[in-house]
Amino acid sequence: ATPTSIMVGTGRAAELGVLFRQGEALQSLKEIGVVALDKTGTLTKGRPDLTDFVTANGFIETDALRLVAAVEARSEHPIAQAIVAAAERQSITLPATDSFEAVPGFGVSATVKGRKVDVGADRFMQKLGLDVAVFADTAARLGSEGKSPLYAAIDGRLAAIIAVADPIKDSTPEAIAALHALGLKVAMITGDNRKTAEAIARRIGIDEVVAEVLPEGKVEVVKRLRQTHGRIAFVGDGINDAPALAEADIGIAIGTGTDIAIESADVVLMSGDVRGVVNAIGLSKATIRNIG
Ligand code: ADP
Ligand code: MG
């Protein structure tokens, strides 16, 4: 494309809320074979609600929720906000916490009123040497409903299984269908539970799901998808997504996401609407056609 057609293309893109931070991206975007998207905050709203709280024998729901929410009040994870909001709805007052610790991709721990409280994914419980088998059926049901199960332990005993559900953005199904219409493979990469990820993927028409990916693992997934499907665009919003955005042939950040994601990207979608990805590809094709 000529410099003029690129200027026209990036100008037109800006009108559509698509910011090309790299002029080259406008040319290379049309050559991709696969679009991989982060789940939480990209395909979903990133604002989950607590939907289920099931205690193990010997634990009382209000007491367990009080301890769990006290720990989560120290975390900035969207899951944490869902749990704290649920406690607030029940007018539960949260006690102070000591020795708070967050383990990215796993969960959080703290001491509350002298009791040790751990909250996180099943792999976090495994790390702590706790067996979550008593909740296997419940976890499978929650996952098949597209909810994300997590677990709480109190004083080293499994105390509850908790589920949060993150609504899919209204624009997501249409965006995926449009990417398919362009002949592209569409993949989803997430740290979330496999069953949950598969249920959501089925609902929105994703071809390939890579779940239970640790924060530092997304880069490897991008490399692997490139080997299978060719040049790759990765779309994400979070701190965790920054290395994958840099690794992808085209990194596309959601403008409502974190600064570090935006700084690592070639293209920024000014709104949270993933149909911006489709617009960006369309503009790339139109600009190349204008070679005159
Ligand atoms: P995601 O993009 O799915 O949010 P993360 O890497 O942030 O991925 O977290 C992966 C998993 O670790 C979450 O799905 C959850 O099970 C667990 N986790 C992380 N942070 C917390 C937290 N503050 N409270 C409970 N669970 C957490
Ligand atoms: Mg995200």
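Nothing in this text is a laboratory measurement; each read-out follows from the coordinates by a stated rule. Note that the structure is predicted; figures quoted are calculated from it, not measured. When we count neighbours, we look across all protein chains shown, and the Cβ atoms used for this are built from the backbone with ideal geometry, even at glycine.
Points worth noting:
- A quarter of the convex hull surface defined by the alpha-carbon atoms of the chain gives 15.3 nm² as the mean projection.
- Sequence ranges 120-131, 29-40, ranked by mean other-Cβ count within 10 angstrom, highest first: 29-40, 120-131
- Using equal-weight Cα scatterers in the Debye expression, the normalised intensity of the stretch 49-165 in log10 at q = 0.11, 0.12, 0.16 Å⁻¹ is -0.29, -0.35, -0.65.
- Computed extension gain for ARG47 through ARG203, at 0.36 nm per residue and net of the alpha carbon distance, reaches 54.3 nm.
- Each of GLY105, ALA69, LEU179 was scored by the projection of its Cα onto the charge dipole of the chain, and the greatest displacement toward the positive side belongs to LEU179; charges sit on the C-beta of Lys, Arg, Asp and Glu.
- Packing here is the average count of other Cβ atoms within 10 Å per residue, and on that basis the peptides 148-157, 171-180, highest first, run 148-157, 171-180.
- Cα-based convex hull volume of the stretch 148-217 per residue, rounded to whole Å³: 99
- On full extension, the segment bounded by ALA133 and ARG12 gains 38.1 nm, given 0.36 nm per residue less the C-alpha separation.
- Overall shape: rounded for the stretch 166-292, with the ratio a/c of the largest to smallest alpha carbon gyration tensor axis below 1.5.
- Per-peptide average of other Cβ atoms within 10 Å, ordering 229-237, 135-143, 217-225 highest first: 229-237, 217-225, 135-143
- Exceeding the 19 Å Cα-Cα cut-off - candidates LYS195/LYS223; LYS185/LYS223; LYS39/LYS285; LYS45/LYS147; LYS39/LYS185; LYS169/LYS218: LYS195/LYS223; LYS39/LYS285; LYS169/LYS218
- In degrees, nearest ten, helix 3-15 long axis to first principal axis of the chain (Cα): 40
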